[in-house]
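> Before anything else, here's the structure in question.
The values are calculated or read from the model by the stated rules, or taken from the named source; none is laboratory data. Note that the structure is a prediction, hence the values are computed from the model and not measured. Glycine also receives a Cβ, built like all others from the backbone with ideal geometry; neighbour counts cover every protein chain displayed. Calculation scope for accessible area: heavy atoms of the full protein, side chains included, ligands and nucleic acids excluded. Shrake-Rupley method; radii C 1.70, N 1.55, O 1.52, S 1.80 Å.
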Amino acid sequence: MSVVIAGCGDLGTEAALRFAAMGHRTIGLRRTAEKLPREIEGQSVDLSVEVPTLPADTTIVVIALSPDERSVDGYRKVYVDSVRNMVAAIHQHCTAQPRVLFVSSTAVYGVDDGSWVDASTPTNPGMPTAVTLREGEDALLEQIPDATLLRLGGIYGPGRTREVDRVRAGINEVSSTPRFTNRIHRDDAAGAIVHLTTMQEAPHTVYIGVDDRPTDHHEVIEYLAERLGVKTPPIVTDPGRTREQRGKRCRNTALRESGFVFSYPTYREGYAAVLEGKGVRHP
């Protein structure tokens, strides 16, 4: 039984290593496969223009791609063109339909008024890149209707310390307008991928991958400043943000009800691990 990870960056590699540790033959697809750990069989391929070759016995496919540039064209190459090439590969090479999971983003909801969002909330992407990401979701579900979408919030963890670095350097600022943020530790995101693709019963179509506590950005910054022993960044008025722009609060109810258990249920446990240097950053 083979597992294929399309997109072995930091998150994809962590998920791949977990599959390998479970005894699965694990194949990682990326443009520079030689960077992968030895536990993962690498295949160098540009999925935006190539259809990869998959093992006939592939039972799990994880699409965990990320764009090189934050533009509509960059998103289309990764989330639309690459998805279509992966679907073509599945249809061409796999003896039986594998369980397919696509790593997406909570950005597709387009909510910015501080209200609650869950897996049943209709999508209404506002940003052009989010519209393209939703197009990629649709492209997958049109061809593989029983695929699963895991819409992640902001990922942090080993090597993803921009927030910590800015607070430590004293260059962060906090808006006077409260804004909710939703996070998930890299290890929990990888754990959710493995859980949803290996659980006994068939997963639902949509899950939201965030921790238990959507939080005002100001609270997170204050916590980091306290842990780092530095001055809390100043509160400033953001002329580009209105009181209606308050982010969103995402519920992970469906993921929790599937039986998934978080290692870092809130940003406090997660950032504590980051500050203690726990975890490994992958290429």
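> Whole number in Å², please: accessible area per residue of the range 1-92, 1.4 Å probe, ligands, DNA and RNA not counted.
Ligands and nucleic acids excluded, the figure is 44 Å² per residue.
> Take ARG168, project a point 7 Å from its Cα along the Cβ direction, then tell me which residues of the range 8-25 have their backbone nitrogen under 19 Å from it.
Within reach of a label on ARG168, which here means backbone N under 19 Å from a point 7 Å along Cα→Cβ, the range 8-25 contributes nothing.
> Given the options LYS248, LYS77, LYS231, which has the most mean-square fluctuation in a GNM of the chain, springs set between C-alpha atoms less than 10 angstrom apart?
LYS231
> Something else now. What is the distance in Å between the Cα centres of the range 262-283 and the range 101-147?
Going from one Cα centre to the other spans 26 Å.
> Another one. What's the center-to-center distance, using Cα atoms, between the range 22-69 and the range 204-222 in Å?
29
> Going Cα to Cα from LYS278, which lysines come in below 22 Å? Please leave out same-chain ones fewer than 8 positions away.
Correct list for LYS278: LYS35.
> For the range 1-111, restrict the atom set to alpha-carbon positions and state the Rg and Dmax in Å.
13.5, 41
> Which residue, PRO98, PRO37, PRO122, has the most motion in a Gaussian network model of the chain that connects Cα atoms within less than 10 Å?
Top of the fluctuation ranking is PRO122.
> Mind listing the Cα extents of the range 135-192 along all three principal axes, in Å, largest one first?
So the extents along the principal axes, rounded to whole Å, are 49, 27, 14.
> Under a no-solvent Debye model with one identical scatterer per Cα of the chain, what's log10 I(q)/I(0) at q = 0.08, 0.14, 0.15 Å⁻¹?
-0.34, -1.03, -1.17
> Counting each DSSP H run of 4 or more residues in the chain as -39500 (n - 2.57), what helix-only mean residue ellipticity at 222 nm follows after dividing by all residues, to the nearest 500 deg cm²/dmol?
After summing the helix terms and dividing by the residues of the chain, the value is -9500 deg cm²/dmol.
> Next up: With springs only between Cα atoms under 10 Å, which of THR95, THR106, THR181 fluctuates most in a Gaussian network model of the chain?
Most flexible of the set in this elastic network: THR95.
> Sort 183-193, 124-134 by the packing proxy (mean of other Cβ within 10 Å over each peptide's residues), most packed first.
Listed from highest to lowest mean packing, they are 183-193, 124-134.
> Listed highest first by mean packing, meaning other Cβ atoms within 10 Å per residue, what order do 5-11, 146-152 come in?
5-11, 146-152
> OK, next. Hey, for a label at ARG281 modelled as a point 7 Å past Cα toward Cβ, could you say which residues of the range 7-26 have their backbone N under 18 Å away?
Answer for this model: 8-15.
> Shifting gears a bit: With a 1.4 Å probe and every protein chain kept in, tell me what percent of the accessible surface of the chain is carbon plus sulfur.
Exposed carbon and sulfur together represent 46 percent of the surface.
> Here's something else I'd like to know. Between GLU269 and VAL72, what is the FRET efficiency for a Förster distance of 45 Å, r being their Cβ-Cβ separation, to the nearest 0.05?
It comes to 0.80.
> Can you tell me which of 58-68, 82-92, 251-261 comes out highest on packing, and rank the rest after it, using the mean Cβ neighbours within 10 Å?
Those peptides, ordered most packed to least, come out 58-68, 82-92, 251-261.
> To continue, here is another question. Nearest 5 is fine: what % of DSSP beta bridges in the chain come out antiparallel, could you say?
Approximately 10 percent, going by the DSSP bridge assignments.
> If you stretched the chain out fully between GLU50 and ARG38, how much longer would it get, using 0.36 nm times the residue separation minus the C-alpha to C-alpha distance?
Full-extension gain reported as 1.9 nm.
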